[in-house]
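Asks: This is the structure I want to talk about, given as structure tokens.
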Amino acid sequence: MNTHFREALKDKKRIVIKIGSSSLTHPETGYLDLIKLEILVREISDLRNQGKEVVLVSSGAIMVGSKTMGYNRKPVKISEKQACAAIGQARLMMIYQKLFAEYNQVASQILMTKNTMLNNLNRMNAKNTFHELLRMGAIPIVNENDTVSTYEIEFGDNDTLSAVVAALIGADLLILLSDIDGLFTDDPHKNPDAKFIDVVESLDDNLKAMGKGSTGSNVGTGGMATKLTAAEIAGAAGTDMIIANGKDFHVIHKIMQGRNYGTLFISNPKDEFFLLDYLEKNN
């Protein structure tokens, strides 16, 4: 076990945390798990009390909107998704703001599309907004702008979006919380001999191949492939990344204490144009 890598997590100052839809909802009903949400808010608020800067990338707008409007299934049509996102994003932010206010924290909202990053002026404006919010002590809550996004301008999943945000703001650490414990040598649900990978110092082609063909839950949009892409984007920007299970949001402070949770990807900084090159190639 590479304990020195874990110990270094205690000193991370600017942290991006991504929460998947499956980690926010009751699996039986698809409705928000408010007890878990309060734990999440308390964990982030305590990081702020330690003097750390935190950005939350939160899924859930379409899911909340669809449940509000009585859908028993995930919307399929683009117009349905966008309408549910318009309803759900407002409701989700209302809940976040109310919970954060109980811990004397200020939540703010930032909605992004891929055009936010590809357009030089938009990208600079977004970067300045993030930095100013963090300077003010606010907690930016980020999501894809699902209300206006189409296939051509969407990130498609919040794993990628969170890595892009981490790269944009120069984050020290990205934590992806989903319904998996981390990276394994094979799918642990299908192969009982699959071994857990504690630390990844170099994301090579063999590791990338492990994520191919994986899919997300029936609630979320990202599988292991998108998480490995996120690790590549974040790592190229100098941001370490952890994939951990979001079943219990108390895992956040355990990770920040340097305890052995999730798979830790050590950053491998590349030139500053890597992110833009990636987004343009996948546009």
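Asks: Quick one: what are the phi-derived ³J(HN,Hα) couplings along the stretch 33-40, Karplus 6.51/-1.76/1.60 with θ = phi - 60°, whole Hz, x for glycine and proline?
Replies: With the stated coefficients, the stretch 33-40 comes to 8, 5, 5, 5, 4, 5, 5, 4 Hz.
Asks: Provide the FRET efficiency to the nearest 0.05 for the ASN245-THR68 pair, computing r from the beta carbons and using R0 = 30 Å.
Replies: According to the calculation, E is roughly 0.60.
Asks: Would you work out what percent of the accessible area of the chain, with all protein chains in place, is carbon or sulfur (probe 1.4 Å)?
Replies: Within the chain, the accessible surface is 50 percent carbon and sulfur.
Asks: Out of residues 5 or more away from ALA107 or on other chains, whose amide H comes under 5 Å of its own, with H placed 1.01 Å from N in the peptide plane?
Replies: ILE139
Asks: What ranking, highest mean first, results for peptides 237-245, 53-61, 39-47 when packing means the other Cβ atoms within 10 Å averaged over each residue?
Replies: 53-61, 237-245, 39-47
Asks: Right, here's the next one. Note down the magnitude of the dipole of the chain about its Cα centre, charges +1 on Lys and Arg C-beta and -1 on Asp and Glu C-beta and zero elsewhere, to the nearest 20 debye.
Replies: 640 debye
Asks: Another question, then. Ordered by packing density, taken as the mean number of other Cβ atoms within 10 Å over each peptide's residues, highest first, how do 166-175, 70-79, 28-37 rank?
Replies: In descending order of packing, they fall as 166-175, 28-37, 70-79.
Asks: Which lysines, on any chain, are close to LYS74 with Cα under 27 Å apart, when same-chain ones fewer than 8 places away are left out?
Replies: LYS18, LYS36, LYS98, LYS114, LYS190, LYS212, LYS227, LYS247
Asks: Let me ask something else. Straight distance only, please: which aspartates and glutamates reach the Cα of LYS13 with their own Cα at less than 18 Å, same-chain residues fewer than 8 apart left out?
Replies: GLU43, ASP46, GLU53, GLU132, ASP172, ASP240
Asks: Oh, and also: At 1.4 Å probe radius, can you tell me the per residue accessible area of the stretch 1-137 in Å²?
Replies: It amounts to 51 Å² per residue over the stretch 1-137.
Asks: Which value, in debye to the nearest 20, gives the size of the charge dipole of the stretch 1-143 about its Cα centre, when Lys and Arg are +1 and Asp and Glu are -1 at the Cβ?
Replies: Computed charge dipole of the stretch 1-143: roughly 420 debye.
Asks: While we're on this one: Based on the alpha-carbon gyration tensor of the chain and its eigenvalue square roots a ≥ b ≥ c, which shape applies: rounded if a/c is under 1.5, prolate if not and a/b is larger than b/c, or oblate?
Replies: Rounded.
Asks: Same structure, new question: Need one number: nm distance between label points at LYS195 and LEU276, each 7 Å from Cα along Cα→Cβ, rounded to one decimal.
Replies: 4.2 nm
Asks: Along the stretch 132-147, what does the Karplus equation 6.51 cos²θ - 1.76 cosθ + 1.60 (θ = phi - 60°) give for ³J(HN,Hα), rounded to whole Hz, x for Gly and Pro?
Replies: 5, 4, 5, 4, 6, x, 7, 10, x, 10, 10, 8, 5, 7, 5, 5
Asks: Report the one residue of ALA209, ILE110, GLN257 whose Cα lies farthest in the direction of the positive end of the charge dipole of the chain (charges on C-beta: Lys and Arg +1, Asp and Glu -1; origin at the Cα centre).
Replies: Ranked along the dipole, the leading option is ILE110.
The values are calculated or read from the model by the stated rules, or taken from the named source; none is laboratory data. What you see is a predicted model, and the numbers here were worked out from it, not measured in a lab. Ideal geometry is used to build each Cβ from the backbone, glycine not excepted, and the neighbour counts take in all protein chains shown. Note: areas computed on protein heavy atoms with side chains; ligands, DNA, RNA excluded. Shrake-Rupley method; radii C 1.70, N 1.55, O 1.52, S 1.80 Å.
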